[in-house]
1. Taking amide H positions as placed in the peptide plane 1.01 Å from N, state which residues far from PHE100 in sequence (5 or more) or on other chains have amide H under 5 Å from it.
2. For region 55-126, what D do you get in µm² per second when you plug the Kirkwood radius from alpha-carbon pairs into Stokes-Einstein at 10 °C and 1.306 mPa s?
3. Within region 42-184, what is the number of lysine pairs with alpha carbons under 28 Å apart, leaving out pairs fewer than eight places apart on the same chain?
4. Provide the FRET efficiency to the nearest 0.05 for the GLU71-ARG138 pair, computing r from the beta carbons and using R0 = 22 Å.
5. Multiplying the sequence separation of LYS168 and GLU34 by 0.36 nm and subtracting their Cα-Cα distance, what value in nm do you get?
6. Please report, in whole Å³, the volume per residue of the convex hull around the C-alpha atoms of region 42-184.
7. Would you tally the net charge around ARG153, using a Cβ to Cβ cut-off of less than 13 Å, leaving ARG153 out, and scoring K and R as +1, D and E as -1?
8. Which order results if ARG132, ARG55, ARG165 are arranged by neighbouring Cβ count within 10 Å, fewest first?
Amino acid sequence: MTGELSEAQMQQQQIDQQIENDPNAAYADNLRQEKVTNILQQINPDNLMTDIEHRIRGNKKDYNGEWVTNEEAKISEELISDCMSFLGSILNQNTSMSNFSPMEINNLMELIRNWYTGHMVVNAERYGLEGRYSEWTRIGNIILSTCFTVLKRAQNGQESRRIFRIMKLTENQTQGKKSMMDNFKFW
């Protein structure tokens, strides 16, 4: 009986074949795949870092989602580089997929705030921002609000549980097709 299929296996094969040939099922599969890909793009750390860099520069998105350069905003490239280097150590997949308690989030936010404040006080003249406190505040708000949002998503492992639930659901629904792990290339 090694070459024969059981009745349950044969029924499953027939169902799989019907689903595979059904245009509605293929459409639903495609929509599901697009939804998961969209979610993963939104939490991709590289996209987040690019977004922060543009915002620190003072750029804005137009109605088409393209970045428009703000010619009036003169922000030091060295400041941008220093901020992005620091943020790169915090805003990454390890952080967003972690399991932080509220106390740990508070401690990390204090560390970020202290770094930013100290860094700006020491380097304001070098960055050309001495006396431009509204710019300090604008950049600080961008950094702190983004970091808080990422850390909040990681509170009690929410982000990782959500991602793995999506993966499991999608893998179960698309068995034998493109693996969901292909969407996690950035991790």
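1. Distant-sequence amide H within range of PHE100: GLN155, ASN156, GLY157.
2. My calculation gives 109 µm²/s for D.
3. For region 42-184, qualifying lysine pairs total 7.
4. The pair GLU71/ARG138 has a calculated efficiency of 0.85.
5. 46.7 nm
6. Numbers: hull volume 17.7 nm³, N = 143.
Looking at region 42-184, the number lands at 124 Å³ per residue.
7. Spelling it out: positives minus negatives among the neighbours equals +2.
8. Details: ARG132 14, ARG55 18, ARG165 10.
Lowest to highest Cβ neighbour count: ARG165, ARG132, ARG55.
Throughout, read-outs are computed from the coordinates displayed, never taken from laboratory work. Predicted, not measured: the structure shown is a model, and the values here were computed from it. Heads up, the Cβs are rebuilt from the backbone with ideal geometry, glycines too, and the neighbour counts pull from every protein chain shown.
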